[in-house]
Amino acid sequence: MRHLFSRPPNTWLALLLACCLALLSSCGGGSGHHPPGAATGSLTVSIGGLPAGVAGAVTLSGPASYSKLLTASSTLTDLAPGVYTLSAASVAQGTGTLAPTPVTQQVQVNAGATASASVTYAATTPLALRLQEVASGLSAPIFLTAPPGDSRLFIVERAGRIRVVQNGNLLATPFLDISTLTTTSGERGLLSLAFHPQYASNGYFFIYYTNLAGDIVIERRQVSAGNANVADPLSALAILTLPHSTFSNHNGGLLSFGPDGYLYAGTGDGGSGGDPPGNAQNTNVLLGKLLRLDVNANTVAQPYAIPPGNPFATAGGRPEIWAYGLRNPWRYAFDVPAQLLYLADVGQANWEEVDVRPVGQAGNNYGWNIMEGSHCYNSASCNQAGLVLPAIEYGHDAAGGCSITGGYVYRGTALPELAGQYLYSDYCSGWLKSFSYSNGTASAVTDWGITNVGNILSFGQDAQNELYMLSGTGKVYQIVRK
């Protein structure tokens, strides 16, 4: 101690100052440090008017690239001082819309203080739909599609022609005419078309039709080199032919490329009633199935390969099969954002059904002819183990119909209130209905009040994901806002 106090006065002051600074530093004080909250502020955002279970959509942005999505009332802390912007978006509630007020606002956040802002949602006029005619004078328009990124519409006529609508005009010259290769006897004909995902560069498209013998043919074609509105008549490459000459009904009919890039084909059970040969449950035949083919890995000897993951690729059945137990899967659809497959299977005499499963789920057995819909077929009881049951079904009655016409999940931009809903119809009744599907359950079945448009043969989807209905009257309609 004597040595400490014997130091010169200036040395003593320096040591004392150093001790004080060290003490302040250890306590969180000193230059550059502030009491908690002194340099930041808070913001309370109140979001009102939302029914239970409905989330808001309010985005808060501010200094230093700050951004946060708020779905309910919140108090945000530790915000840098400055001006913050709240941008609120409309949200869907069933078939209606809740709109925010205000849509945008700014609020000042100050250090050491709590600012506030509010957004209130209120219902707008509920969505109503109507059909807008886009083409007429067609012969049994049975499918509509378009190449990726293309503004044209390609309409399949059952008699064997593919027609083009360009800039609102139905072109006189068909894109393709195979009317001499098919027949409309029974349920036969040219039934669908699928453009290759790289159509813009390779010009490939695929058709599904029944030949003059009644057999199912899947064929690759190519657009002509000199005219984008006409196919090359000499470009045919047979992909697959399925014997189907005994009966003229239950041909299936849809080709579609899945999100995985493979070509899918829905085949009927072979016809007659009740599937007398038991084709749908027989994994050694390709009828009554959803097939999955790799048409990009073709060779001269084999025009397709078996994709990895097909459930019977190595044993137990035909390697082309992806799913089985189908009666007549006339139309199905991939919903890419939700990674779901919607499959509308036409019923026998009592029940129509829509099945929904994950797109990557292989080997599903959809139940026919053990079951029709969720009911045992021609039996008081049946073994339902391992069978996929419908997401929805409806009966053959005055309010129902006779034959389901499957559609698509709406993913366009013109009708945001409809986003995520699956639309479907019935060949006999011609109504337009939709439902939502989440967490394994269908809900909010809605009848859109569409009537007097004739037998609905099919739905269609353009490159912008807008939807269409095709009528037996020879007309094609776009589904639009009323």
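Summary of values
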| quantity | calculated |
| --- | --- |
| Fully extended contour minus Cα-Cα distance, from Thr44 to Ala123, at 0.36 nm per residue | 26.1 nm |
| Extension gain from Leu170 to Leu212, taking 0.36 nm per residue of separation minus the Cα-Cα distance | 12.3 nm |
| Under-5 Å amide H pairs with Leu170, H placed in peptide plane, nonlocal only | none |
| Förster radius 41 Å - calculated FRET efficiency between Asn284 and Val54, Cβ distance, rounded to 0.05 | 0.25 |
| Sum of side-chain charges, Leu291 neighbourhood, beta-carbon under 10 Å (Lys, Arg +1; Asp, Glu -1) | +2 |
| Shape box of region 281-423 [Cα atoms, principal axes, largest first, Å] | 52, 47, 24 |
| Potential lengthening between Asn202 and Ala398 on full extension [0.36 nm per residue; Cα-Cα distance subtracted] | 65.7 nm |
| [x] 0.96; [y] 1.21; [z] 1.03, with the label sought being that of the calculated Rg/Rh (Cα atoms, Kirkwood Rh) | [y] |
| Accessible surface of the chain, 1.4 Å probe, proportion on carbon and sulfur as whole % | 53 percent |
| Region 307-462, accessible area per residue, ligands and nucleic acids excluded (1.4 Å, Å²) | 38 Å² |
| Distant-in-sequence amide H partners of Gln222 (H built 1.01 Å from N, under 5 Å) | Phe205, Asp232, Ser235 |
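The values are calculated or read from the model by the stated rules, or taken from the named source; none is laboratory data. Since the model is a prediction, treat every value here as computed from it, not as a measurement. FYI the Cβ positions are ideal-geometry reconstructions off the backbone, even for glycines, and counts take in every protein chain you see. These accessible areas exclude ligands, DNA and RNA; they are computed on the full protein's heavy atoms, side chains included. Shrake-Rupley method; radii C 1.70, N 1.55, O 1.52, S 1.80 Å.
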